[in-house]
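The values are calculated or read from the model by the stated rules, or taken from the named source; none is laboratory data. Please read these numbers as outputs of a predicted model, since none were measured by experiment. For neighbour counting, all protein chains shown are included, and Cβ atoms are generated from backbone atoms with ideal geometry for every residue, glycine included. Areas reflect the complete protein model, heavy atoms only, side chains present, ligands, DNA and RNA absent. Shrake-Rupley method; radii C 1.70, N 1.55, O 1.52, S 1.80 Å.
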Amino acid sequence: MKIRKGTGQRAIVLALALSIPPLFAACPKNEPPAPPRARVATTNRSDERLPPIPTAFNGERAMDHARKQIEFGPRPPASPQLEKTRVYIVDQLKSYGLQVSLDEFTVATPQGEKKMANIVAELPGETKDLILITSHYDTKFFKDMHFVGANDPAASVGTLMEIGRVLGSMKEKPKVTYRLVFFDGEEAFCENWDDCSKPDNPDNTYGSRHYARQLDTKNELNSTRALILLDMMGYKDLELGRDTMSTRWLQDIIWQTGRDLGYRKIFVDRDEGVGGDDHEAFVNLGVPSVDLIQLSSYPYWHKADDTIDKISAQSMKIVGETVLASLPKIAAHDRLKEIKNPQ
Ligand SMILES: [Zn+2]
């Protein structure tokens, strides 16, 4: 599944340097975040009549959340370190004014029964129609390796938390309900994804499969308009290909939005074959879903040197800003059209 890619990274760094202004220089973490901007990285200042895009995402704050998780150490399911991480995430989300709850469950794993908990944070909208924004927050268990998972998943968790802060600070009630879900138990307990998987009993994605069943049980599937999954999107040499399992119209909205914000070199058209992730259970239930993931060109995947020096506030900002700017477009997307003309 892992294919190394040795070229292009310098070009990306150069493109970043040329096209993206040094936003956090004006936005240090101990000062209030900059006011929302209508557009980023454009020279056209005549767009003030456009509805504001919520781009007050602060990359340094997301980086702080990533650092905090890494300081807790390796964070596999049911570990004291993951419990500390959970308390930290919950406390932060509550402080943003979101409604926070735990979705607790016990599952049989190759290491015996494990207690797990998804973290759910909601911002109610005018309707009960849902957009889910998600990341896993456990790190992969390694018996003989100190694995702290900076990009997998501290960066996506930090980004999702900062998205939660921005959403919680919105003055107006959103049209749809936004729900952040932090999945437990995404990583396999056995060394490889499929080593211990049985046909109806995979050794991975425990939390997302449990949560997808909950949506079904609570009759929320029909009102779930979309799911956005963040996973390994904080690499300092960020380049996001198109995950082949994702729903095309949803992916297109996010890719176009990223490009409109000036991130053309980040949101590229090459295929990213992931072979399953937390969105899979939702795809199988008919929920439009997209995975923002850089797997094939991230050389530190499941290695001891997936450490904080590999991720950047800038990459988290690029993804966070793009997701936030995409949300109103996703909410406005005409579902009937897709049913008539499925892509
Ligand atoms: Zn992983």
**Message:** Just checking, does region 181-196 include any residue being more than 16 Å from the ligand (Cβ to nearest atom) and buried (at least 17 other Cβ atoms within 10 Å of the Cβ)?
**Reply:** yes
**Request:** Go through region 198-219 and give me each residue that's surrounded by 17 or more Cβ atoms within 10 Å (Cβ to Cβ) and not hydrophobic (A, V, I, L, M, F, W, C).
**Result:** PRO202, ASP203, ASN204, THR205, TYR206, GLY207, SER208, ARG209, HIS210, TYR211
**Request:** Please indicate, with yes or no, whether at least one residue in region 248-257 is touching a strand residue (DSSP E or B) at 6+ places or on another chain (Cβ under 6 Å), on the phi < 0 side of the Ramachandran plot and within 16 Å of the ligand (Cβ to nearest atom).
**Result:** no
**Test set (1) free of Cβ contacts under 8 Å to residues at least 12 places away in the same chain; (2) open to solvent by 30 Å² or more (accessible area, probe 1.4 Å) - GLN111 fails condition number** = (1)
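Here is a yes/no grid of residues against (1) farther than 20 Å from PRO74 by Cα; (2) open to solvent by 10 Å² or more (accessible area, probe 1.4 Å):
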site: ASP277; (1), (2): yes, no
site: VAL283; (1), (2): yes, yes
site: GLY286; (1), (2): yes, yes
site: ILE293; (1), (2): yes, no
site: ALA304; (1), (2): no, yes
**Item:** Any strands (runs of 3 or more DSSP E) falling wholly within region 56-142 and containing at least 2 residues that are within 16 Å of the ligand (Cβ to nearest atom)
**Value:** 130-136
**Fill in**
Within region 199-232, residues part of a loop (DSSP other than H, G, I, E, B) and polar (S, T, N, Q) come out as ASN204, THR205, ASN219, ASN222, SER223
